[in-house]
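Notes to accompany the following structure.
The values are calculated or read from the model by the stated rules, or taken from the named source; none is laboratory data. Small disclaimer: the values here were computed from a predicted structure and weren't measured. So basically every Cβ, Gly included, is an ideal-geometry build from the backbone, and we count neighbours across all protein chains shown. In case anyone asks, the SASA skips ligands and DNA or RNA and just uses the protein heavy atoms, side chains included. Shrake-Rupley method; radii C 1.70, N 1.55, O 1.52, S 1.80 Å.
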Amino acid sequence: QAQLVESGGGFVQPGGSLRLSCAASGSIFSINRMAWYRQTPKKERELVADIWTGGGTNYADSVKGRFTISRDKAKNTVYLQMNSLKPEDTAVYLCNVLFGISNVAWGQGTQVTVSS
């Protein structure tokens with residue numbers, strides 16, 4: 001069974017930056033997609049960004065131009081560089097990995113708080 005360990009969350013002022021990391025370990029095979037979602041008590045879980053095995057990426061409209069997703073295949077790690085953070089980016093950020101066609105794993109989540 002795969003485990004995902006996230007890190008990099010924290011508190012930052014508006015306009016600041018944070019970099020999230022998610023490392024996959026354990027029973028890992030054929031990672032097809034790695035993604036970041038976020039969730040707040042008032043909103044449904046939403047896709048922030050994903051990156052596919054071929055390198056293709058997708059971003060939520062709300063983060064385009066500010067966030068960048070990347071992946072280190074050798075380390076089975078996905079990153080989310082978040083710049084120009086806004087208070088509305090405050091959420092729990094969760095890592096999601098698709099192994100093969102249908103095996104999905106979730107991280108435990110890391111809190112990002114943007115406030116002055």
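Scanning the stretch 51-64 for residues that are without any contact (Cβ under 8 Å) to a residue 12 or more places away in the chain, open to solvent by 50 Å² or more (accessible area, probe 1.4 Å) and of a type in the set (G, A, S) returns a single hit, G54. Criterion applied to F11, F67 was being under 23 Å from S116 (Cβ atoms) and under 13 Å from the mean Cα position of the chain (by Cα), and the one residue passing it is F67.
Checked against the criteria, S84 does not count as part of a loop (DSSP other than H, G, I, E, B), in contact with a helix residue (DSSP H, G or I) (Cβ under 9 Å, 6 or more places away or on another chain) and either charged (D, E, K, R) or open to solvent by 50 Å² or more (accessible area, probe 1.4 Å) (or both). Looking at the stretch 1-50, which of its residues are open to solvent by 50 Å² or more (accessible area, probe 1.4 Å), touching a Gly at 6+ places or on another chain (Cβ under 9 Å) and part of a strand (DSSP E or B)? Correct list: Q3, V5, R19, Q39.
hydroxyl-bearing (S, T, Y) and within 21 Å of L85 (Cβ to Cβ): is that true of S21 in this structure? Lay out the reasoning, then the answer.
Values: hydroxyl-bearing (S, T, Y): yes; within 21 Å of L85 (Cβ to Cβ): yes.
So S21 passes the test.
Restricted to the stretch 69-81, and to residues there that are open to solvent by 50 Å² or more (accessible area, probe 1.4 Å) and not in a strand (DSSP E or B), the residue that is farthest from E44 (Cα to Cα) is A74. Considering only the stretch 87-95, I want to know if a residue exists there that is of a type in the set (S, T, N, Q) and within 20 Å of E6 (Cα to Cα). The answer is yes; a qualifying residue exists.
The residue pairs whose first member lies in the stretch 23-40 and is in contact (Cβ under 8 Å) with a residue 60 or more places away in the chain, whose second member is open to solvent by less than 40 Å² (accessible area, probe 1.4 Å) and among the polar types (S, T, N, Q), and whose beta carbons are closer than 6 Å, counting only pairs six or more residues apart or on different chains, are A35/N96.
Candidates in the stretch 87-114 are the residues that are open to solvent by 60 Å² or more (accessible area, probe 1.4 Å) and outside any loop (DSSP other than H, G, I, E, B); of these, the one that is nearest to G8 (Cα to Cα) is Q111.
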